[in-house]
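A short reminder: the numbers here are calculations on the coordinates, not readings from a lab. None of these values were measured; they are calculated from a predicted model.
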Amino acid sequence: MKRIQCKVFGHDIQVSKNVTFHVKEYKCKNCKKEFTTNSSGSLVELTPKFKEINAVLENIHKRRLKRRQRNNPELLVFSH
């Protein structure tokens with residue numbers, strides 16, 4: 001029944017994980033299908049390949065944020 005609702009009305013998508021400031025992972029509330037943003041910013045199904053890419057991106061992003069905060073401790077970092 002949940003998949004029929006998504007086919008008729010579309011997915012009810014919520015952000016499940018912030019990978020970077022621009023890349024996010026999403027999950028449908030009804031059918032639990034997972035999505036992510038690709039290189040052009042479109043939503044695509046979250047495959048194992050995209051999971052691996054997102055994990056590497058998240059690791060790089062976190063290391064850059066830590067390095068930036070270490071080098072400029074008085075610098076304010078705003079996230080959106």
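Relative to the longest principal axis of the chain, what angle (0 to 90°, nearest 10) does the C-alpha long axis of helix 48-71 take?
30
If you wrap the chain's Cα atoms in a convex hull and average its projection over all directions, what's the area in nm²?
Answer in nm², one decimal: 6.2.
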